[in-house]
Amino acid sequence: MRYVKQFTIILFVSFLGEIIHYFVPLPVPASIYGLIIMLAALSSGLVKTASVYEAGRFLIDIMPLTFIPAAAGLINVWAELKPVLLPFAVITFVSTVAVMGVSGKVTQLVLKHGKKTGK
């Protein structure tokens with residue numbers, strides 16, 4: 001029963017993100033609004049971490065499975081993808097390395113800042 005409650009909380013926050021996406025005319029995906037709402041709710045204590053922990057852990061564990069339909073869908077567009085495969089692969093590689101580098105630097109700065117403030 002606790003899993004149902006945890007999934008309900010996550011789905012409700014996702015639904016709020018969809019509502020905001022519908023009414024706010026910005027090119028921001030509804031999932032990003034949902035993540036911001038969840039972050040705000042967790043940071044403010046409105047939603048306790050324990051009240052969504054197991055459902056969140058489950059969703060993270062099955063995340064690789066959610067990419068299978070998208071990868072299988074590439075088979076349908078292989079004819080269009082084949083001529084641009086090399087630029088696509090280069091862009092994917094460069095952007096992945098850039099994201100990893102920036103994320104690492106930001107993490108180092110946050111950890112360094114946390115040590116200075118004693119948190």
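Where a number appears in this text, it was derived from the coordinates with a stated rule and is not lab data. These numbers come from a predicted model, not from an experiment. Using ideal geometry, Cβ is built from the backbone for each residue, glycine included, and neighbour counts are taken over all protein chains shown.
Of note:
- The charge dipole of the chain, taken about its Cα centre with unit charges on the Cβ atoms of Lys, Arg (+1), Asp and Glu (-1) only, comes to about 680 debye.
- When semi-axes √(5λ) of the Cα gyration tensor in Å is calculated for this entry, the matching label among [x] 23, 17, 15; [y] 31, 24, 16; [z] 35, 27, 13 is [y].
- Shown for the chain are the DSSP H helices of 20 Å or more along their axis, judged by Cα atoms, with a mean Kyte-Doolittle hydropathy of at least 0.5: 2-23, 30-44, 85-117.
- Cα lying deepest toward the dipole's positive end in the chain, options Tyr22, Thr117, Trp78, charges on Cβ: Thr117
- Estimated translational D of the range 1-69 in µm²/s (Stokes, Kirkwood radius over Cα pairs; 37 °C; 0.692 mPa s): 255
- Taking every alpha-carbon pair under 8 Å whose residues sit at least 6 apart, the range 1-66 reaches a relative contact order of 36 percent.
- Net charge of Cβ neighbours under 15 Å - reference Thr49; Lys, Arg +1; Asp, Glu -1: +3
- Percentage relative contact order, the range 5-119, counting C-alpha pairs under 8 Å, at least six apart: 19
- Comparing Ser95, Ser51, Ser43 in a Gaussian network model of the chain (Cα springs below 10 Å), the most mobile by mean-square fluctuation is Ser95.
- Of Ser14, Ser31, the sequence from fewest to most neighbouring Cβ atoms within 10 angstrom is Ser31, Ser14.
- Fewest-first ranking of Met100, Met1, using other Cβ atoms within 10 Å as the exposure measure: Met1, Met100
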